[in-house]
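The values are calculated or read from the model by the stated rules, or taken from the named source; none is laboratory data. This is a predicted model, so every value here is computed, not measured. With ideal geometry, Cβ positions are generated from the backbone for all residues, glycine too; neighbour counts draw on all protein chains shown.
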Amino acid sequence: MNCQNDFPWDAVHELLLDCGRAQSPRDLAVRAIKGINAMVPFDQGRIYSVSVNGEVFDSVLFGVDKCWPRVYCEYYSQILGGKYSLPNRALRNSRLTASDSKCGVYEWQSGAEDEFVADYIRPQRLRHSFGFGMYDTFPTCKRVLMLDRTGRAGFSEWERGVLSILAPHLENLHRNFYIGAGDECAVGRIGSSEGLTPREAEIADMIGKGFSPGRISAALFISRATVYKHIMHIHTKMGVSCRQELLVKLLHGRGGAKAAEGGVFMADT
């Protein structure tokens, strides 16, 4: 992209400095999307945290009714062969680079009118979306940021250029949280050695992050009784008798580091 006199280099610098002060990957994503809105305004913003199974377990919403992420997770992420699941193959292939500022743009007014577009996109009046993923060291997509516009004006070449500069730097900052023994995958390794199922490993990971059974139930869209059943199986397989013993074992596997994340948060742009 050509350097332009009006390119907001100072604002980009300040945003990256602010994101560098983040205390967790989730905090980084929230700081990033708020800073982006000052340069590339959007009508709705979404941050989805994605599990190792590709399921959304946490949402941060800006100007979005909380019913939409729920219906997305319960239904629309699973239809059409997972075409619109997060992260899907199309999104992984649309990671932004400075040399290709068109990646990650979704123009909903053109293209196929399938069930997802007709029943999910249209009722929200979404016309243009810009999305990119944030990864760990493997790389596995851990978070997806979506910027949505409901007006006729799409994302200009200038705005795409700003995002193409920001995205790789934000991704590097995000990846740094997963370098070393304290990354989230430690729970997955423990779970594998203890014979946990993918769902049990996911719930163990959320417990290690401070999720209560009620929050796990809400985040995974399963009943609280099912959560307690999974926890009972986790305790049995990992040889612990209470939550405190489980936390000690999980945090030991992470090298003593605990990531304080999770929940569903509603924010205003």
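Some points to look at:
So that you can scan it fast, the table gives a plain yes or no per residue for (1) farther than 24 Å from Ala153 by Cβ; (2) of a type in the set (S, T, N, Q); (3) in contact (Cβ under 8 Å) with a residue 60 or more places away in the chain; (4) outside any helix (DSSP H, G or I):
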{"site": "Phe7", "(1), (2), (3), (4)": "no, no, yes, yes"}
{"site": "Leu16", "(1), (2), (3), (4)": "yes, no, yes, no"}
{"site": "Arg21", "(1), (2), (3), (4)": "yes, no, no, yes"}
{"site": "Arg26", "(1), (2), (3), (4)": "yes, no, yes, no"}
{"site": "Ala29", "(1), (2), (3), (4)": "yes, no, yes, no"}
{"site": "Ile36", "(1), (2), (3), (4)": "no, no, yes, no"}
{"site": "Tyr75", "(1), (2), (3), (4)": "yes, no, no, no"}
{"site": "Gly81", "(1), (2), (3), (4)": "yes, no, no, no"}
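- Selection count, the range 148-174, where residues are out of contact with any Ser or Thr (no Cβ under 7 Å at 6 or more places or on another chain), of a type in the set (S, T, N, Q) and not in a loop (DSSP other than H, G, I, E, B): 1
- Subset tally (residues that are modelled with pLDDT under 85, farther than 22 Å from Gly195 by Cβ and surrounded by fewer than 19 Cβ atoms within 10 Å (Cβ to Cβ)) for the range 218-243: 2
- Among the conditions (1) modelled with pLDDT under 55; (2) in a helix (DSSP H, G or I); (3) not aromatic (Phe, Trp, Tyr), the only one that Met266 does not satisfy is (2).
- Flag if Gly214 is within 23 Å of Asp27 (Cβ to Cβ) and modelled with pLDDT under 80: no
- None of Asp43, Asp10 is more than 18 Å from Gly131 (Cα to Cα), among the charged types (D, E, K, R) and at pLDDT 90 or above except Asp10.
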